[in-house]
Amino acid sequence: MSLYIFRRAAFSLTVALLAATSVPALAAPPYQTTAKNAILIDMDTGTVLFEKDADVQIHPASMSKLMTTYIVFEQLKKGALKLTDTLPVSEEIWRKWRANKGSTMFLNVGDRPTIEDLVRGIVIQSGNDACDVIAEGLGGSEEGFAVWLNKKAKELGLKGSHFVNASGWPNPEHVVTVRDLATLSERIIRDFPEYYHYFKEESFVYSGVKQGNRNPTLGVVPGADGLKTGHSDEAGYGVTLSAIQNGRRIVAVIAGMSSMSERAKESERVLNYGFNNFKSYKLFERGQMVEEAPLWLGDQDTVPLVADRDVKVLMGRLDRSDLKVKVVYDSPVAAPLKEGQVVGKIVVSVPDHANQEFPLVAGAAIGELSGFGRVSAAISQLIWGPAKSTAAKPAH
């Protein structure tokens, strides 16, 4: 691995090779899946490890229930709902799903299930009736709730999705992309850690009926803990997945398969591929000094430039090639500076991947010289040049 320092002066660009180590950037073996649409993402770094027609609009079936779940979790977090609150089951909803196809949690007319019951009914039992009770209770109607879903989808940056109902029941206008489902899954995991545990519960009993979680990776892939399956004649079989191993979490969405057994097989394969073929490397820790940079007209000679977050990159475990790290900033750095002020960037280059950039910030507040000091500093720089800088080697 190589670390380069780019100090942008007024008329020149200085490049210095400061360190060379043996940490490789590695490419993973090619991956193939029978799923029609797929995406695999490392959540920690945001790296897309694999994708296949990830932006093609598809029918999500019950994977769409994640959007309804997001709304419920958000209302719980805001305090607008409590897990012990109850909602009524209308006769219309009871008749609709009693006579219908599709999965239910066996709600009965006149029941008042708690919000927690409904959450479990949605994420474990995939209950269409539970989704409709949420839609009626929170949105006034299925149509009103759909407006809410689409507004929230836009806020979350789901660019290829449109929701018509709360359950994902087939409708030509009810569409998503697997990339959007991955984004939604990441937001559920990040935004609502206190509620995420429901996704890994293996079964739930309501109305005397015990139903198991349909996620085929629970208890099969170490660390698997979510999220939601889906199936309809139009959509085929799909699943949105997540698992965590050794502190590293990945999210996957696969869709368009022909059977439950194919879905189970591909679910296990895609998660194992993500964990077995890639490794995360921490180059710098949050707050670690990357370089001591010279100052212009500051009340000190230099300022420490530090990483404002952990700088991590994800690389495959096979087929070595070079990883390059560049530190880029204008030198000398002009005073005054506030601690935490962005003054440059760390640019990480991995072959066959887009460059990743991380902010480089001032590690201390720097004051500006007085009038006499400014004249003295200007003369000193003309005679001796700017102060020397030092750089830290990345961790490896």
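Considering every residue within segment 33-45, establish whether at least one is in contact with a strand residue (DSSP E or B) (Cβ under 9 Å, 6 or more places away or on another chain), at pLDDT below 95 and not charged (D, E, K, R). Within segment 33-45, one or more residues are in contact with a strand residue (DSSP E or B) (Cβ under 9 Å, 6 or more places away or on another chain), at pLDDT below 95 and not charged (D, E, K, R).
Which one of these is among the polar types (S, T, N, Q) and more than 20 Å from Thr68 (Cα to Cα): Ser207, Ser242? Only one candidate qualifies: Ser207. The requirement of being assigned to a helix (DSSP H, G or I) and in contact (Cβ under 8 Å) with a residue 60 or more places away in the chain is not satisfied by Asp55. Could you please tell me which pairs satisfy a Cβ distance under 6 Å, a separation of 6+ or placement on different chains, a first residue in segment 113-139 that is basic (Lys, Arg), and a second residue that is open to solvent by 10 Å² or more (accessible area, probe 1.4 Å) and not in a loop (DSSP other than H, G, I, E, B)? Hits for this filter: Arg120/Phe204. Of the set (1) farther than 30 Å from Thr302 by Cα; (2) polar (S, T, N, Q); (3) at pLDDT below 90, all apply to Thr21 but (1). Within segment 102-124, take every residue that is more than 22 Å from Pro216 (Cα to Cα) and assigned to a loop (DSSP other than H, G, I, E, B) and give me the one that is most open to solvent (accessible area, probe 1.4 Å). For segment 102-124, the residue satisfying everything is Arg112.
Here segment 291-338 is the region considered, the condition is being assigned to a strand (DSSP E or B) and acidic (Asp, Glu), and the residue that is modelled with the lowest pLDDT is Asp319. In segment 352-371, the residues that are modelled with pLDDT of 80 or more reach residues that are assigned to a strand (DSSP E or B) and among the aromatic types (Phe, Trp, Tyr) with C-beta atoms within less than 7 angstrom, at least six apart or across chains, in these pairs: Leu360/Tyr329.
Among the numbered criteria (1) within 22 Å of the chain's Cα centre (by Cα); (2) without any contact (Cβ under 8 Å) to a residue 12 or more places away in the chain, which one does Leu184 miss? Result: Leu184 passes all but (2).
Each row is one residue, and each column tells you yes or no for (1) among the basic types (Lys, Arg); (2) closer than 20 Å to Gly127 by Cβ; (3) surrounded by fewer than 23 Cβ atoms within 10 Å (Cβ to Cβ).
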site	(1), (2), (3)
Pro216	no, yes, yes
Val221	no, no, yes
Ala224	no, no, yes
Leu227	no, yes, no
Ser232	no, yes, yes
Val239	no, yes, no
Ser242	no, no, no
Arg248	yes, no, yes
Val253	no, no, no
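The values are calculated or read from the model by the stated rules, or taken from the named source; none is laboratory data. Just so you know, these numbers come straight off a predicted model, no measurement behind them. Every residue, glycine among them, receives a Cβ derived from its backbone with ideal geometry; neighbour counts consider all protein chains shown. Quick note on the areas: whole protein, heavy atoms, side chains included, nothing else; ligands and nucleic acids left out. Shrake-Rupley method; radii C 1.70, N 1.55, O 1.52, S 1.80 Å.
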